[in-house]
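K.L.:
Mind having a look at this structure? Questions to follow.
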Amino acid sequence: CEGLHRRGHQVTLAVGPDAGPEGSLLEEARAGGYDVRIIPAMHRAIRPPADLAACRQLRVLFDRLRPGIVHTHSSKAGILGRWAARRASVPIIVHTVHGMSFNRTQSVVTRGLYRLLERRCARYTDAFIGVADAMGRQSAEAGVASPDRFVTIYSGMKTEWYDPGRYDRRAIRQQWGFGEDCVLFGTVARLFRNKGYEQLIPAMAEAARRCPSLRFVWVGDGAQRSEYESQLQRLGLTSRVHLTGLVPPQEVARMLAGMDAVVHASQWEGLPRVLVQGLIMSKPAISFDIDGAPEVVLPGQTGLLVPLNDIQGLTEAMVKLAGDAGMRDRMGRAGRELCLRRFDHNHMVDEIESLYKKLADRRE
């Protein structure tokens, strides 16, 4: 939104009132200089009466603004927003898939419902943006939309924040109680079941047993924090793991600067931003082989991939990377080279603006 606004486009951001455990970007959006509208009835959880109300509120907004393009994001907001845009006769409807709304972590009923709704909404979606090539493939496999209706535009970020030379690594580690003599692996994720802590914690315990110098830092907060802290205590890991709690987005780069590598065990995610953030900060990555992760975690080049939920494989990857400083340095430099320009926010805005123009020209 901010990038398009700065280029002279009239931008309105419509969002729900909820702030999740990962924090809120609402204040940052309001400071961006563009129009921000709160849709009171739009919530993350499925609530049929409120969802219908949110559709009506969005349609009223679209009828009033008469936008040339409505661009929706995420699962439920994408369905409600596209339905309302269709009813308001918006000329062009674009949807970004950050991760398929139906996924392996859901019940059969929920997964089937989302798949049905996505197929319906696809009928009046002019173009899809996938944050990874995997989104187009998965959409085609599910019968939602053919790959030719997708364009991959990587989710951009302010890469100028992610300069390894800006931060005092030693001071950051000292704040966490760790010195330069340890190998420090970090996660940046909500403390939530779908982020894979059930697999990560036992892998950490075994890796730490085999690598006495190995330490961990968790950046984030969430509903399962106390549960995971109890598990760490039971496994004797409390002194080896530092939990930072929730940090503002602009602090993530500083957190990454103190780490030697990033470990991400998410069960489902379009293309995990933390993998990209870590690689731009020259930190090699270990990840489960899910969704878009293989597009940036290139085995043996920028990190190590592990089959989904393979705890032993995750352990071996951590042990391997912990024991080879040269490998970490080589992979980190390759990761920064791979991701720095590709994920720059200006590059993302260029590609979105180009897609909008192409769609507008097609209608004329």
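The values are calculated or read from the model by the stated rules, or taken from the named source; none is laboratory data. Predicted model, so just to flag it, every value in this text is computed and none were measured. Neighbour counts run over all protein chains shown; Cβ positions are idealised from the backbone, glycine included.
K.L.:
One residue is enough: does the range 324-342 have a residue meeting the conditions under 16 Å from the mean Cα position of the chain (by Cα), farther than 20 Å from Val217 by Cβ, in contact (Cβ under 8 Å) with a residue 60 or more places away in the chain and not in a loop (DSSP other than H, G, I, E, B)? Before the answer, list the steps.
P.N.:
So the first thing to find is which residues in the range 324-342 are under 16 Å from the mean Cα position of the chain (by Cα), and the list is 339, 342.
If we keep only those that are farther than 20 Å from Val217 by Cβ as well, we get 339, 342.
Next cut, in contact (Cβ under 8 Å) with a residue 60 or more places away in the chain only: 339, 342.
Of the ones still in play, those that are also not in a loop (DSSP other than H, G, I, E, B) are 339.
So far as the range 324-342 goes, yes, one or more of its residues are under 16 Å from the mean Cα position of the chain (by Cα), farther than 20 Å from Val217 by Cβ, in contact (Cβ under 8 Å) with a residue 60 or more places away in the chain and not in a loop (DSSP other than H, G, I, E, B).
K.L.:
Conditions first: (1) crowded, with 16+ Cβ neighbours inside 10 Å; (2) in contact with a helix residue (DSSP H, G or I) (Cβ under 8 Å, 6 or more places away or on another chain). Asn346 passes all but one, so which condition is the exception?
P.N.:
Every condition holds for Asn346 apart from (1).
K.L.:
Now for a separate question. State whether the residues of the range 73-92 include one that is assigned by TED's automatic domain parsing to the domain that holds Ile129, assigned to a strand (DSSP E or B) and surrounded by 14 or more Cβ atoms within 10 Å (Cβ to Cβ). Steps first, please.
P.N.:
Our first condition is that a residue be assigned by TED's automatic domain parsing to the domain that holds Ile129; within the range 73-92, this holds for 73-92.
If we keep only those that are assigned to a strand (DSSP E or B) too, we end up with 73, 92.
Those still in the list that are surrounded by 14 or more Cβ atoms within 10 Å (Cβ to Cβ) too: 73, 92.
Yes, because at least one residue in the range 73-92 is assigned by TED's automatic domain parsing to the domain that holds Ile129, assigned to a strand (DSSP E or B) and surrounded by 14 or more Cβ atoms within 10 Å (Cβ to Cβ).
K.L.:
Moving on to the next point. Conditions first: (1) in contact with an Asp or Glu (Cβ under 7 Å, 6 or more places away or on another chain); (2) surrounded by fewer than 16 Cβ atoms within 10 Å (Cβ to Cβ). Val108 passes all but one, so which condition is the exception?
P.N.:
So Val108 meets the others, but not (1).
K.L.:
Okay, next question. Which residue pairs have Cβ atoms under 7 Å apart, sit 6 or more places apart or on different chains, and have a first residue in the range 48-69 that is farther than 25 Å from His9 by Cβ and assigned by TED's automatic domain parsing to the domain that holds Ala127 and a second that is polar (S, T, N, Q) and modelled with pLDDT of 95 or more?
P.N.:
none
K.L.:
Provide a single number: the residues in the range 93-131 that are in a loop (DSSP other than H, G, I, E, B) and β-branched (Val, Ile, Thr).
P.N.:
The initial filter retains those residues of the range 93-131 that are in a loop (DSSP other than H, G, I, E, B), namely 98-107, 123-126, 131.
Applying the additional criterion that residues be β-branched (Val, Ile, Thr) yields 105, 125, 131.
Matching residues across the range 93-131 total 3.
K.L.:
Look at the range 320-349 and say how many of its residues are of a type in the set (Lys, Arg) and farther than 16 Å from Gly300 by Cβ.
P.N.:
3
K.L.:
I would also like to ask the following. Surrounded by fewer than 14 Cβ atoms within 10 Å (Cβ to Cβ) and of a type outside the set (Asp, Glu): is that true of Ser155 in this structure? Working first, answer last.
P.N.:
Working: surrounded by fewer than 14 Cβ atoms within 10 Å (Cβ to Cβ): no; of a type outside the set (Asp, Glu): yes.
For Ser155, the condition - surrounded by fewer than 14 Cβ atoms within 10 Å (Cβ to Cβ) and of a type outside the set (Asp, Glu) - is not met.
K.L.:
Those residues that are surrounded by fewer than 16 Cβ atoms within 10 Å (Cβ to Cβ) and of a type in the set (Asp, Glu), I need them from the range 41-72; list them, please.
P.N.:
Within the range 41-72, Asp63 is the sole residue that qualifies.
K.L.:
While we're on this one: Given the options Gln301, Gln277, Gln250, name the one that is in contact (Cβ under 8 Å) with a residue 40 or more places away in the chain and surrounded by fewer than 17 Cβ atoms within 10 Å (Cβ to Cβ).
P.N.:
Details: Gln301 fails: in contact (Cβ under 8 Å) with a residue 40 or more places away in the chain; Gln277 fails: surrounded by fewer than 17 Cβ atoms within 10 Å (Cβ to Cβ).
Result of the check over Gln301, Gln277, Gln250: Gln250.
K.L.:
For Leu314, are the conditions met, namely being over 18 Å from the mean Cα position of the chain (by Cα), in a helix (DSSP H, G or I) and buried (at least 24 other Cβ atoms within 10 Å of the Cβ)? Steps first, please.
P.N.:
Details: over 18 Å from the mean Cα position of the chain (by Cα): yes; in a helix (DSSP H, G or I): yes; buried (at least 24 other Cβ atoms within 10 Å of the Cβ): yes.
Answer is yes for this residue.
K.L.:
From the list Tyr167, Tyr162, exactly one residue is over 28 Å from Ala205 (Cα atoms) and crowded, with 20+ Cβ neighbours inside 10 Å. Which is it? So that I can check it myself, show each step before the final result.
P.N.:
Numbers: Tyr167 fails: crowded, with 20+ Cβ neighbours inside 10 Å.
Among Tyr167, Tyr162, only Tyr162 is over 28 Å from Ala205 (Cα atoms) and crowded, with 20+ Cβ neighbours inside 10 Å.
K.L.:
Look at the range 205-229 and say how many of its residues are without any contact (Cβ under 8 Å) to a residue 40 or more places away in the chain and more than 27 Å from the chain's Cα centre (by Cα).
P.N.:
Going through the range 205-229 one residue at a time, the tally reaches 3.
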